[in-house]
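The structure appears below as structure tokens.
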Amino acid sequence: MALIRKVDLDKVVRKSINESAETILRKTAAEFSAAETYDIFLSHSYSDAGKILKVKTLLENMGFSTYVDWVDDRQLDRSRVTKKTAELLRVRLKSCKSLFFVTSDNSTNSKWMPWELGFFDALKGYVAILPILEDDRSTNTYEGQEYLGLYPYVTKDKPQGLDAETLWIRLTLDEYVRFDLWLKGTMPSKH
């Protein structure tokens, strides 16, 4: 199992997308339903928008529905913290099964990410850190800074006997569970 690397995102997107980012955004916004339930709420820095669009595509190609606020609710102004934005985000967070906190150099400057993390952790508890490695090294370990180290983290790999990659939730190198099982209440165990 390995952490997701920036180079992995570039490969997946090159294989699966022949449309411009703007076309994808328009299509996604047109398909959006406020009543829909999502597998994943991507908490991220808007400064990583290009990378986040690739992460969303990767996750959806794996079969997981993914909510990204500026894609699905294009009217939101992420640059300002307002009660109206917070209320809409609360509604969207409640309609998601899990939250992935995407770490990057920019995430430390986000106004919204710590708030989203705290709200969702208290609400449902299914929070995991999704680190994106900037370099090409392949690793399956993540040690979060400060409070991020309290949460499990996400890796990807092919389960034995299957052709497609899927997501895994890891506490340590040898404590993990498939993401879909985690969402159903199965906790990571030693392997």
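The values are calculated or read from the model by the stated rules, or taken from the named source; none is laboratory data. Because the structure is a prediction, the values reported are computed rather than measured. No Cβ is skipped: glycine too gets one built from the backbone with ideal geometry, and neighbour counts run over all protein chains shown.
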- Query: Residue check, Ala128 against (1) touching a strand residue (DSSP E or B) at 6+ places or on another chain (Cβ under 7 Å); (2) at pLDDT below 95, all met but one. Which one?
  - Reply: (2)
- Which ones in segment 46-64 are closer than 22 Å to Lys124 by Cβ and surrounded by 14 or more Cβ atoms within 10 Å (Cβ to Cβ)? Ile52, Val55, Lys56, Leu59, Glu60, Met62, Phe64
- For segment 41-81, name all the residues that are touching a helix residue (DSSP H, G or I) at 6+ places or on another chain (Cβ under 7 Å), free of Cβ contacts under 8 Å to residues at least 40 places away in the same chain and among the polar types (S, T, N, Q). Thr66
- Message: I'd like the residue in segment 141-163 that is in contact with a Lys or Arg (Cβ under 7 Å, 6 or more places away or on another chain) and in a loop (DSSP other than H, G, I, E, B) and, out of all such residues, is nearest to Ser107 (Cα to Cα).
- Response: Pro152
- Of the candidates Leu171, Leu167, the one satisfying the condition of being buried (at least 20 other Cβ atoms within 10 Å of the Cβ) and assigned to a strand (DSSP E or B) is Leu167
- Within segment 83-105, restricting attention to residues that are more than 18 Å from Tyr38 (Cα to Cα) and surrounded by 16 or more Cβ atoms within 10 Å (Cβ to Cβ), which residue is modelled with the lowest pLDDT? Ser104
- Task: Mind listing whichever residues of segment 54-69 are under 9 Å from the mean Cα position of the chain (by Cα) and either over 18 Å from Leu88 (Cβ atoms) or part of a loop (DSSP other than H, G, I, E, B) (or both)?
- Result: Val55, Lys56, Leu59, Val68
- Query: How many residues does segment 76-125 contain that are part of a strand (DSSP E or B) and of a type outside the set (S, T, N, Q)?
  - Reply: 6
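Please work out if Arg80 is at pLDDT below 90 and within 17 Å of Ala49 (Cα to Cα).
Here the answer is yes, as Arg80 does meet what is asked.
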